[in-house]
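Below you'll find the structure, written out as structure tokens, and then a few comments.
The values are calculated or read from the model by the stated rules, or taken from the named source; none is laboratory data. Being a predicted model, the structure only gives us computed values, none of them experimental. Here the Cβ positions follow ideal geometry from the backbone for every residue, glycine too, while neighbour counts run over all protein chains shown. For the accessible areas, the whole protein counts, side chains as well, though only heavy atoms, and no ligand, DNA or RNA atoms are used. Shrake-Rupley method; radii C 1.70, N 1.55, O 1.52, S 1.80 Å.
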Amino acid sequence: MQAGDIRNHWTIEEISSIYNMPLLELIYKAAGLHHRHNETGEVQVCTLLSIKTGGCPEDCAYCPQAARYQTDVQVQALMQTDEVLVCAQKARNAGSTRFCMGAAWREVRSNRDFDRVIEMVKGINELGMEVCCTLGMLNEEQASKLAEAGLYAYNHNLDTSSDYYGEIISTRNYDDRLQTIDHVRNAGISVCCGGIIGLGETHDDRIKMLHTLSNMPVHPESVPVNALVRIKGTPMENQPKVDIWDMVRMIATARILMPRAMVRLSAGRTEMNTAEQALCFLAGANSIFAGDKLLTTPNPSYDEDNAMFALLGLKPRVAFKKEVEA
């Protein structure tokens with residue numbers, strides 16, 4: 001590792017200078033850092049399952065699971081533990097090494113549903129998979145209980161910059177997001193935290209979000225970069241499609257700022273062809289979600305991803321790799 005690569009004190013001006021580089025120069029710089037810090041021929045394959053769908057009281061403008069929007073999402077109660085374990089086993093058999101569970105809750109409540117999630121976490125651990133949850137806001141005690149159950153990672157995205165956040169969500173604030181991330185980190189759980197582009201934000205908003213992420217005391221171990229999936233019935237349904245070059249620019253900048261993070265090419269892959277996804281991998285992406293759905297939105301199938309991996313010479317990253325290397 002070269003001195004100076006890992007930094008937690010980036011300025012807005014420095015990030016802006018990186019983000020606004022000529023694109024090919026930016027990709028070249030990001031690819032070099034990626035090669036220095038990671039195995040560029042491997043990609044972490046994750047599967048995301050909606051374990052409790054719809055009926056969310058939040059008003060996230062992009063989300064089809066918000067109860068206040070008229071979308072095609074049908075409300076479903078929390079799944080049974082054995083159902084989830086069957087899904088996890090199928091994901092493992094298909095090549096996923098991390099299994100993520102999402103529940104459409106504003107926040108975790110310490111009740112029987114949370115107890116069931118704890119049992120799910122324990123069961124997936126026994127399958128030898130990294131287990132991740134995204135359940136909304138957490139307090140310290142809940143984070144500790146998830147850690148004791150063996151939760152490997154917790155996802156809680158910033159979505160956008162603190163300046164633009166109020167235009168997208170009014171039912172919670174930015175500090176709520178940051179507080180949950182602190183609880184997760186303090187419990188010893190790895191942090192999965194990124195954002196979404198295509199919400200109507202400016203390039204400056206994207207730079208400010210990256211500034212917040214890269215200046216955390218410890219960089220998130222996983223940084224999802226999502227392109228907005230436009231869903232009919234949500235306030236974002238008529239937003240323009242995210243340009244592939246914007247995705248590449250975000251991924252490359254994230255890779256330069258956080259060289260050792262898993263930079264995840266997340267939502268929006270169904271609108272990218274193989275060549276476009278290859279550019280994202282070249283720019284520093286080294287994690288994807290596999291499976292037909294991301295919670296409630298479409299995603300490429302396992303077969304499509306296997307064909308892409310074979311073409312590009314990529315292999316899935318093994319589970320718990322950092323622990324094995326240590």
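Whether any residue in region 22-34 is open to solvent by 40 Å² or more (accessible area, probe 1.4 Å) and part of a loop (DSSP other than H, G, I, E, B) is what I want to check. Yes; the residues of region 22-34 include at least one that is open to solvent by 40 Å² or more (accessible area, probe 1.4 Å) and part of a loop (DSSP other than H, G, I, E, B).
Is region 96-116 home to any residue that is surrounded by fewer than 19 Cβ atoms within 10 Å (Cβ to Cβ), touching a helix residue (DSSP H, G or I) at 6+ places or on another chain (Cβ under 8 Å) and free of Cβ contacts under 8 Å to residues at least 12 places away in the same chain? Checked against the condition, which is being surrounded by fewer than 19 Cβ atoms within 10 Å (Cβ to Cβ), touching a helix residue (DSSP H, G or I) at 6+ places or on another chain (Cβ under 8 Å) and free of Cβ contacts under 8 Å to residues at least 12 places away in the same chain, region 96-116 yields no hits at all. Here region 1-32 is the region considered, the condition is being modelled with pLDDT under 95 and of a type in the set (D, E, K, R), and the residue that is farthest from LEU279 (Cα to Cα) is ARG7. Quick check, is LEU26 in contact with a Phe, Trp or Tyr (Cβ under 9 Å, 6 or more places away or on another chain) and more than 25 Å from TYR174 (Cβ to Cβ)? The answer is yes for LEU26.
Number of residues in region 231-263 that are touching a residue at least 12 places away in the same chain (Cβ under 8 Å) and open to solvent by 30 Å² or more (accessible area, probe 1.4 Å): the value is 10.
Would you point out the residue of region 143-162, among those that are touching a residue at least 24 places away in the same chain (Cβ under 8 Å), over 11 Å from the mean Cα position of the chain (by Cα) and not in a loop (DSSP other than H, G, I, E, B), that is farthest from ASN215 (Cα to Cα)?
ALA149
When restricted to residues that are open to solvent by 10 Å² or more (accessible area, probe 1.4 Å) and either free of Cβ contacts under 8 Å to residues at least 12 places away in the same chain or not in a loop (DSSP other than H, G, I, E, B) (or both), region 264-276 contains 6.
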